[in-house]
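Take a look at the structure set out below.
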Amino acid sequence: MRFKIVLLIFAIFWVVLIVRLYHISIKSNFYYERLAKENIERKNYLKPVRGEIFDSKGKFLAVNKIGFSLSLAPHLSIKKGELQTAIATLKHYFPDLNATVMERVYRRQNSPYNYRYIKVIDFVPYDTMMRDYARLSALPFVKIDTETKRYYPYGRYAAHIVGYVGRANRREIVADPVAEIVGYTGKSGLERYYNRWLEGEPGYILSKVNARNKALKVLERKEPVNNRSLKVNLDMDLQKYIYDLLGKTPAVVVVMRTTGEVLAAVSNPSFDPNLFVGGISVKDWKALQNNLGHPFTNKFIHAVYPPGSVIKMGVALAASKAGHGILDEHEYCKGYITIGKSKHKFRCWKKWGHGDVDLRKSIRESCDVYYYDKSLKIGIDRIAKTLKEIGLGVKTGIDLPREYRGIIPDKAWKRKRYHQPWYKGETVIAAIGQGYDNITPMQVARYTAFLATGKLPTPTLAKELDGKKVTPKRIKLRFNPYHMSLIRQGMIDVCNDRRGTAYKTMHDLPIKVAGKTGTAQVVSIPQEIKKRVKEQDLAYFKKSHAWITTYAPVRKPEYVVTVLVEHGGHGGSAAGPIAAKIYKWLYYNGYFKNHPVEKIRAELERRMREANATVPAAPVPPKLRMDQTGRKVGNQE
């Protein structure tokens, strides 16, 4: 036993000796070789200028302010007071600087092996520096370098899209070596998603130096790759109009082309990204954190909501795929259904029911019972599969970081999440966008573009990368064309038929719009309550979320407008007016191809003349025209 212990000690001794020998003779050799090389060669990196971001009309969303940084020479003696004198000199020229912070930064980076100047001031504005530039540049212990600072001209108007840059942390520096050189990196939005493109590539000057670190000869020079710009599809005039239109209303609005180009995406309330560029104060951060409107959250991709009735067209398509004739069958709505022997009533929003209901009517009047019955015939797994196929409960692929997936549940999801079986009652409420259903507004906008065109686009913000055009991807999905036609006719009725849920706010627009409203409950209604409390009488956080998702024009759809008003109540009355005003803005700003600006101006002048006319025009006999079903009807205008 003693012999084994001696052998073990002997083995441990030799292992430690060999490891130490390896460290000294081989591993440390690379370290000291690098130090020796640095004593005769100096590599100064040339920072690239970060690319600027601008909208589709050339308005700048992210620019670089020009200024300077200040660095102090290494090895300034603390005992002799050299460091204190240098800091006091800088403090004399710039009284607002914090001497304690400068000394702390210098001490942390200073070492006997460091021959590089130590940056103690990140940014001094150009105008401030120019007053004393000549005097400062003459000081032997001070080095002045040109510097840029990110600035966002539109501030809170585009904060959730553009994002912001901030000081790079250790994890970000490990992932991106350029961040160590420039000192900052994209933290959110486009600044983060396109960070590697925008930040460019650093250059360098390799010099031969003497023992005093004085450059003797330039051995190599490489210029940085600068100003890789990003042009986006946003129209900032539209973005600003929508933000101002919302005022203090917590809401989300997405406007995009049916091909995928995002023209505006507003998450309200918002924040000023300029607060983060130089490091946000504790006071400002607490104000953002304590705001119940969650201004820091990008709600069109980072918040999920129950979709309510806007999901019904997707459920109809699931029924279309499930079996021949299921979607063609009428359902009878008496105001509620029961399942099996249960007395629990799954109620329709209309207390006395809708009577006989077909697909078109179910969309126009948003009958819940119709979708209850269809869901029980096809099951939750088929519903979930189709909804995910058409873009719900899956990432849209938009060029923004950390997009949320949301939830479109099925049996396997519940078993994995809660270790419980799936019940038929859960299928029923999922079919009208309640229960576990939670999706993002961007998913709803993408799904609406599919309903309008039959093609599922990828929402895209980037328009050009340094002049190279970015084209959004679109996937053609195959569904029964007859059923697709009926769904579109139902959506047209929603906005243009007197029985439609959005008729009041959407029928009198200069362009014909199709859409679907949704009122997504956030609290359940107990069975014993026979008469529902009106939305306007509920406490704010108990009110339903108000949805409307639309496309226009109905013949050749070009644009999608999706609006969600948090705790707004009914979709038609709360979200509808916002969507209507956006369409008017689009129309009168020449967005519709068949309505050029000249014709629009002429129409406006004609309307003004009619409004100012004192003598009423003679009544005109109604002209017969064909509606979507082929029936002859009178001119409703």
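The values are calculated or read from the model by the stated rules, or taken from the named source; none is laboratory data. Small disclaimer: the values here were computed from a predicted structure and weren't measured. Ideal geometry is used to build each Cβ from the backbone, glycine not excepted, and the neighbour counts take in all protein chains shown.
Data table
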item	result
ARG488, sole failed condition from (1) modelled with pLDDT under 95; (2) in a helix (DSSP H, G or I); (3) not hydrophobic (A, V, I, L, M, F, W, C)	(1)
Identity of the residue in segment 96-143, farther than 13 Å from LEU83 by Cβ and among the polar types (S, T, N, Q), that ends up surrounded by the most Cβ atoms within 10 Å (Cβ to Cβ)	THR128
Some residue of segment 294-314 being part of a loop (DSSP other than H, G, I, E, B), more than 20 Å from GLN443 (Cα to Cα) and among the polar types (S, T, N, Q)	no
From LYS240, LYS283, residue being under 30 Å from PRO125 (Cα atoms), in a helix (DSSP H, G or I) and touching a Phe, Trp or Tyr at 6+ places or on another chain (Cβ under 8 Å)	LYS240
Segment 363-386: number of residues that are assigned to a helix (DSSP H, G or I) and in contact with a strand residue (DSSP E or B) (Cβ under 9 Å, 6 or more places away or on another chain)	9
Residue within segment 206-222 that is under 27 Å from PHE54 (Cβ atoms) and modelled with pLDDT under 90 present	no
Odd one out for PRO307, checked against (1) modelled with pLDDT under 95; (2) closer than 28 Å to LEU461 by Cα	(1)
GLU199 vs. criteria surrounded by 20 or more Cβ atoms within 10 Å (Cβ to Cβ) and charged (D, E, K, R)	yes
Verdict on LYS47 being more than 30 Å from LEU263 (Cα to Cα), among the basic types (Lys, Arg) and at pLDDT below 85	no
Unique match (being out of contact with any strand residue (DSSP E or B) (no Cβ under 8 Å at 6 or more places or on another chain), more than 30 Å from GLY397 (Cα to Cα) and either part of a helix (DSSP H, G or I) or among the aromatic types (Phe, Trp, Tyr) (or both)) among TYR204, TYR113, TYR106	TYR113
Given (1) over 30 Å from ASN589 (Cβ atoms); (2) among the acidic types (Asp, Glu); (3) under 16 Å from the mean Cα position of the chain (by Cα), number of the condition GLU201 does not satisfy	(3)
Pairs with Cβ under 9 Å, 6+ apart, first in segment 317-334 and farther than 23 Å from ALA452 by Cα, second of a type in the set (Val, Ile, Thr) and buried (at least 24 other Cβ atoms within 10 Å of the Cβ)	GLU331/VAL369; TYR332/VAL369; CYS333/VAL369; LYS334/VAL369
Helices (runs of 4 or more DSSP H) lying entirely in segment 141-192 (those with 1 or more residues that are touching a Leu at 6+ places or on another chain (Cβ under 8 Å) and within 22 Å of ASN298 (Cβ to Cβ))	159-162
Unmet requirement for ARG360, which otherwise passes all of (1) part of a loop (DSSP other than H, G, I, E, B); (2) in contact with a Leu (Cβ under 7 Å, 6 or more places away or on another chain); (3) surrounded by fewer than 21 Cβ atoms within 10 Å (Cβ to Cβ)	(1)
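Per-residue answers, yes or no, for (1) modelled with pLDDT under 95; (2) surrounded by fewer than 21 Cβ atoms within 10 Å (Cβ to Cβ):
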site: VAL254; (1), (2): no, no
site: ARG257; (1), (2): no, yes
site: VAL262; (1), (2): no, no
site: SER267; (1), (2): no, no
site: ASN274; (1), (2): yes, yes
site: ILE280; (1), (2): yes, yes
site: LYS283; (1), (2): yes, yes
site: LEU288; (1), (2): yes, yes
site: GLY293; (1), (2): yes, yes
